Every structure is written in structure tokens, then in C-alpha cells.
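The values are calculated or read from the model by the stated rules, or taken from the named source; none is laboratory data. Just so it is clear, the model here is predicted, and its values are computed rather than measured. Here the Cβ positions follow ideal geometry from the backbone for every residue, glycine too, while neighbour counts run over all protein chains shown.
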Amino acid sequence: MGFRRGRSKLSCTYITILVVLGDWLTKYLVHDILPLYHSFKVRDGFFSIVHVRNYGTAFGFMNQGKETFFNNVFFIVASVIALILVFYLIVREDASNRLSLIGLFLILGGIIGNQGERIFHGYVTDFLDFYVKTHHWPAFNIADSSITVGLTLYFVANYILNKDGR
């Protein structure tokens, strides 16, 4: 039984690897193809690819528009704490709760994707820009999406389990 449990969690590590590689590859392509602060429309009135730097957290929260020592230290420390918490939850999670595990491994990939870039560049590249006419959602990236989807899956999975009394 223990081997199967470990194998189930180990197989979920591929999710983290795919998120990190996908995040870094798309950010590399944006850096390589699109000059900073430029954009091109994919679907007029709805979606563009942009090239912006985010010195804050997901969706531009706490973005001061420039690199600061406080932001770098704060986000790196916060990420280390988040990584420890996610690892703790992964170890503690029952392997049969696949939806919860998938959520945790998505979160892990998102943290690694964004913080790896922050450590090397001092910022995170955001490039997905959704909008309706002139109303824009803050630009984001694959790692931000992974964290958001992962948190949603984790809470839904655990809400359903608690509701069923398991």
C-alpha cells in the first residue's frame, strides 16, 4: 500500500515539471519575440499577448513598477514559506485524494516558475492580457494560472471531502 501511495504522489511531480517548463518557455519566447511594453492582439476586444514586468505578486498586486530590495526579500521569503507549506500538505495528503494532490502540485509548479524567474531577474514576466473593450484584467502568466487553478482544485477537493464526511 505504501509503495502505491508514494508512486501516486511521484507521478504528480510531472505536473510540476510541466508547469515550470511551460512557464519558463513561454516567458523566454515573450522575451525573445516581443519588446518590453509592446503587445499584439490575438483576439481584438478580448485577448492580447503583452510583455510587462511584474515586481509584485500575482496579477500585479504590490507591483511598484521597479525592483526593490524589500520586494525581492519579501517575495523570496514568502515563497520559501509557501514551498514548505505545500510540501507539508503533499506529504500529509492522502494519495487517494487525486484532485487535491493535482492542485498542490500545480501550486508547487507555479511557485517554482515565478520565483525562479524572480531570483534570476528580480521580476516576473507577465504576458497574458484578457480584456473587454478598455477594461483589462491584470496581465498574468502560466505560473499565476497554475497557482490559481491549483488553489481552486485543492479547496474544491477538500470541501467535497469534508461535505461527504470523509
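If you take the residues of region 147-162 that are farther than 15 Å from Asn54 by Cβ, of a type in the set (Ser, Thr, Tyr) and within 18 Å of the chain's Cα centre (by Cα), which of them is surrounded by the most Cβ atoms within 10 Å (Cβ to Cβ)? Filtering region 147-162 for residues that are farther than 15 Å from Asn54 by Cβ, of a type in the set (Ser, Thr, Tyr) and within 18 Å of the chain's Cα centre (by Cα), the one surrounded by the most Cβ atoms within 10 Å (Cβ to Cβ) comes out as Tyr154. Suppose the filter is among the aliphatic types (A, V, I, L, M), without any contact (Cβ under 8 Å) to a residue 40 or more places away in the chain and within 30 Å of Arg43 (Cβ to Cβ); does Ile142 pass it? Here the answer is no, as Ile142 does not meet what is asked.
Taken over region 85-106, the criterion of being of a type in the set (Val, Ile, Thr) and either without any contact (Cβ under 8 Å) to a residue 12 or more places away in the chain or within 14 Å of Val19 (Cβ to Cβ) (or both) is satisfied by Val86, Val91, Ile102. Please determine whether any residue of region 19-35 is in contact with a His (Cβ under 7 Å, 6 or more places away or on another chain), in a loop (DSSP other than H, G, I, E, B), at pLDDT 90 or above and of a type outside the set (Phe, Trp, Tyr). Scanning region 19-35 turns up at least one residue that is in contact with a His (Cβ under 7 Å, 6 or more places away or on another chain), in a loop (DSSP other than H, G, I, E, B), at pLDDT 90 or above and of a type outside the set (Phe, Trp, Tyr). Output the residues belonging to region 80-121 that are surrounded by fewer than 16 Cβ atoms within 10 Å (Cβ to Cβ), of a type outside the set (Asp, Glu) and not in a helix (DSSP H, G or I). Across region 80-121, the qualifying residue is only Ser96. Within region 50-58, is even one residue of a type outside the set (Ser, Thr, Tyr), at positive phi and either modelled with pLDDT under 95 or crowded, with 17+ Cβ neighbours inside 10 Å (or both)? Checking region 50-58: not a single residue is of a type outside the set (Ser, Thr, Tyr), at positive phi and either modelled with pLDDT under 95 or crowded, with 17+ Cβ neighbours inside 10 Å (or both).
Selection of first residues in region 15-40 that are touching a residue at least 24 places away in the same chain (Cβ under 8 Å) and closer than 12 Å to Phe127 by Cα and of second residues that are part of a helix (DSSP H, G or I) and among the hydrophobic types (A, V, I, L, M, F, W, C), restricted to Cβ pairs under 6 Å at least 6 apart or on distinct chains, gives the following pairs, ordered by first then second residue: Asp23/Ile142; Asp23/Ala143; Thr26/Ile142.
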